[in-house]
Amino acid sequence: MPVSSTRTILISGASRGIGRAIAEHLLAAGHRLSLGLRNPAALDGTALDPTCAGVDEQGLPRVLLHPYNAEDPASAEAWVAQSLSHFGAIDSLVHSAGVFSRVPLLFESGQEHDIQQLWDVNVMGPWWLTRAAWPELAAHGSGRIVVLVSMSGKRSKGRLAGYTASKFALMGLCQTMRNEGWEQGIRVTAICPSWVNTDMAAAVNAMPKEAMSQPGDIAALTTQLLELPNSCVPFELAVSCNLEV
Ligand SMILES: NC(=O)c1ccc[n+]([C@@H]2O[C@H](COP(=O)([O-])OP(=O)(O)OC[C@H]3O[C@@H](n4cnc5c(N)ncnc54)[C@H](OP(=O)(O)O)[C@@H]3O)[C@@H](O)[C@H]2O)c1
């Protein structure tokens, strides 16, 4: 089935970092965007501000902003419902909201909260949101789900038990989405970077920031992914800025 050239895409985590770069790239490529944000006002006056982003061929604003907190399942359902009401359909989902914290295997008392937050945002957030958008993605015939997983969803490195466990779980969720959506034309891609030059990697000193993967390059990959036909969508993209053996 040919893929429509203009997609209607929900993106989480578009206030900053990789999600923001993806949103800017997809907007420039002509797509319609619905951005779920904890603080929609964070995009006031930017290229992603609906008043700056223009209208589609039906005269609808090409960007919709909606409150979304990955820790609140009701906000996922409200965001999907508002997106449907605005655009009439949804065909793609980009999960970029995520949190990182250094919780080791032998965590300190009190770090249970960090583990719970890693689970709630990195795993349950994409799960609830996918569940809410699924009927629309399935109805389209070429639905797409792009998930910012991590190399930490493929191998364990460093003392990052909490983050790694959340990303392995997220990878399991991606495999399940791929399996259960295949017959309906839903294609899933798990993007697995090592370090990307965003706030999340701000405290990393192991390499210069310019040697890390750049958010704009992940965004360009994502834009290309969304243009591929059902027969040619990679399930996993490992994107390492350093040698992984
Ligand atoms: N940067 C890296 O090195 C790297 C490497 C591999 C994978 N990743 C993954 O890529 C994704 C994006 O990371 P990034 O580097 O862009 O991180 P970032 O710059 O720290 O941005 C994180 C984004 O997630 C949003 N977010 C966090 N908690 C949320 C919540 N409870 N509800 C809704 N949104 C929430 C943030 O929104 P606010 O502005 O409201 O906080 C922000 O938009 C994450 O899943 C991350 O694990 C990143």
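Please identify every one of the GluC sites (Glu not before Pro) in region 84-144 that sits in a loop by DSSP and has no more than 10 other beta carbons within 10 Å of its own beta carbon.
Glu108
Counting Lys and Arg as +1 and Asp and Glu as -1, what is the net charge of the other residues whose Cβ lies under 13 Å from the Cβ of Ala132?
Residues close to Ala132 contribute a combined charge of -2.
Note down the nm distance, to one decimal, between modelled labels 7 Å out along Cα→Cβ at Gln175 and at Ala41.
Here the answer is 4.4 nm between the modelled labels.
Nearest 5 is fine: what % of DSSP beta bridges in region 8-239 come out antiparallel, could you say?
Percentage antiparallel, nearest 5: 5.
Would any residue of region 14-45 have its amide N under 16 Å from a label point 7 Å out along Cα→Cβ of Thr51? List them or say none.
Backbone N within reach: 40-45.
Which of the peptides 24-36, 141-153, 169-181, 226-238 is most tightly packed, and how do the rest follow, judged by the mean count of other Cβ atoms within 10 Å per residue?
141-153, 24-36, 169-181, 226-238
Just how large is the dipole of the chain about the Cα centre, in debye to the nearest 20, putting +1 at every Lys and Arg Cβ and -1 at every Asp and Glu Cβ?
460 debye
Rounded, prolate or oblate: which one fits region 192-245, using the alpha carbon gyration tensor with axes a ≥ b ≥ c (rounded when a/c is under 1.5, else prolate when a/b beats b/c, else oblate)?
Here region 192-245 falls in the prolate category.
Which far-off residues, 5 or more places away or on another chain, put their amide H under 5 Å from the one on Ser92, with H placed in the peptide plane?
Those qualifying (amide H under 5 Å, at least 5 residues apart or on another chain) are Thr8, Leu10, Arg144.
Taking the alpha-carbon centroid of each part, what is the distance from region 3-44 to region 132-171 in angstrom?
Their Cα centres are 18 Å away from one another.
What translational D, rounded to a whole number of µm²/s, comes out for region 8-239 from Stokes-Einstein when the hydrodynamic radius is the Kirkwood one over Cα pairs, at 20 °C and 1.002 mPa s?
120 µm²/s
Enter the mean projected area of the convex hull around the alpha-carbon atoms of region 99-216, in nm², rounded to one decimal.
Average of the hull's projected areas for region 99-216 equals 8.1 nm².
Read-outs throughout are calculated quantities, based only on the coordinates presented, and are distinct from any laboratory measurement. These figures come from a predicted structure and were not determined experimentally. Methodologically, a virtual Cβ is constructed for each residue, glycine included, from the backbone with ideal geometry; neighbour enumeration extends over all protein chains shown.
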